[in-house]
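The values are calculated or read from the model by the stated rules, or taken from the named source; none is laboratory data. Keep in mind the model is a prediction, meaning the values are calculated, not measured. In this analysis, Cβ positions are derived from the backbone assuming ideal geometry, glycine residues included, and neighbour counts consider all displayed protein chains. SASA here: full protein model, heavy atoms, side chains in, ligands and nucleic acids out. Shrake-Rupley method; radii C 1.70, N 1.55, O 1.52, S 1.80 Å.
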Amino acid sequence: MLEGKVAVVTGGTRGIGLATVRKFLQNGVKVVLFGSRAETVDKAVSSLKEENASYEVMGLYPDISNLKAVEEAIQEIVGKYGQIDILVNNAGISARESIYEYTEENFDKIIDLNVKGVFNCSKAVVPYMKKQGGGVILNTSSMVSIYGQAAGCGYPTSKFAVNGLTKSLARELGKDHIRVNAVAPGVIHTDMVDVLPKEVIQPIIDSIPIGRMGEPEDIANAFLFLASSQASFITGAILSVDGAGMC
Ligand code: NAD
């Protein structure tokens, strides 16, 4: 259903982003993955091409907290493919420090990437989507955008803002046939979770009713559905994909 579409996936070099890039490629989408560094971007693109030489995939590494850099990258993509149909705002960092240790610099850093990055990438693609008659924007929120988090307050704050952008842009852009949705993952088995101490993560996993952590592909499947025409009347939704876990 998505054959021939063009997608950008931010934070596409590993974890949920890489699984989403792979899922889109398997479904005939041309994908541009964004990462933070040339080495990791090149490595992700080469490994995908090794998996399947016919995948149409390329990588760029604009600073997504800088609107001008993002606009130049999107211009390059539209210059190459002539269209942009799907944007997955997935790049993100998390935080665990207490408010007592939280620095202003770290708070700015998380908001710059997790919130301003979503704003910048969305702002850069919407003129093209509007001109071509529509498109889909998908954001990576988190279960912490529903429950908050008992440490690292910048992270849940950023994800509440992602939900705000999702719902507001859905209302603003519906008339331009641009749908905007978010997926709110629970605990997903990626580097972001692997860095947590076992005594922090194990009780959370034990409390997940479905009996396991999520895999990156669980989130990629949700993005695939939301990007497809099967979701044509779904916009402004925050879809929990969390095994009914709570944090
Ligand atoms: P990850 O750490 O494996 O991947 C993060 C991605 O973001 C990487 O591709 C990385 O290159 C990119 N990134 C990091 N800093 C960047 C920067 N400064 N500029 C550009 N890109 C940068 O993490 P993940 O678990 O795959 O997380 C992906 C998204 O899912 C994030 O938005 C995260 O908040 C969200 N999420 C993850 C979980 C989880 O349990 N893993 C749960 C809820 C939400």
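For this structure, a couple of remarks:
- Most mobile of 157, 166, 190 in a GNM of the chain (Cα contacts under 10 Å): 190
- Computed from point charges on the beta carbon alone (+1 for Lys and Arg, -1 for Asp and Glu), the dipole magnitude for the chain about its Cα centre is near 800 Debye.
- Longest exposed-site-free window of the chain, the sites being GluC sites (Glu not before Pro) in a DSSP loop that have at most 12 other C-beta atoms within 10 Å: 102-247
- Here the 3J(HN,Hα) profile of region 140-154, calculated from phi with Karplus coefficients 6.51, -1.76 and 1.60 at θ = phi - 60°, is 9, 8, 5, 4, 5, 6, 10, 9, x, 8, 7, 6, x, 4, x Hz, Gly and Pro shown as x.
- Cleavage-rule hits (chymotrypsin sites (Phe, Trp or Tyr not before Pro)) in region 175-247: DSSP loop, at most 12 neighbouring Cβ within 10 angstrom: 233
- Residue of 78, 180, 88 that the Gaussian network model of the chain assigns the largest fluctuation, springs spanning Cα pairs under 10 Å: 78
- Measuring nothing but how far apart in sequence close Cα pairs (under 8 Å, 6+ apart) lie, relative to its length, region 6-238 scores a relative contact order of 21 percent.
- For region 40-104, applying the loop criterion from DSSP together with a ceiling of 10 other beta carbons within 10 Å to the chymotrypsin sites (Phe, Trp or Tyr not before Pro) yields 100.
- Region 4-69 and region 154-224 have Cα centres lying 19 Å from one another.
- Gain on full stretching of the segment that runs from residue 39 to residue 101 - 0.36 nm per residue minus C-alpha separation: 19.1 nm
- Neighbourhood charge, 13 Å Cβ-Cβ cut-off, centred on residue 86 and excluding it, Lys, Arg +1 and Asp, Glu -1: +2
- Top of 59, 134, 211 by mean-square fluctuation, Gaussian network on the chain, Cα under 10 Å: 211
- Each label was represented as a point 7 Å from its Cα along the Cα-to-Cβ direction; for residue 53 and residue 207 these points are 5.1 nm apart.
- Cβ-defined net charge surrounding residue 236, 9 Å radius [Lys, Arg +1; Asp, Glu -1]: +3
- Secondary structure note: in the chain, about 0% of the DSSP beta bridges are antiparallel.
- Helical contribution to [θ] at 222 nm, DSSP H n ≥ 4, -39,500 (n - 2.57), averaged over the chain, rounded to 500: -14000 deg cm²/dmol
- Portion, in percent, of the accessible area of the chain that falls on carbon or sulfur, probe 1.4 Å: 53 percent
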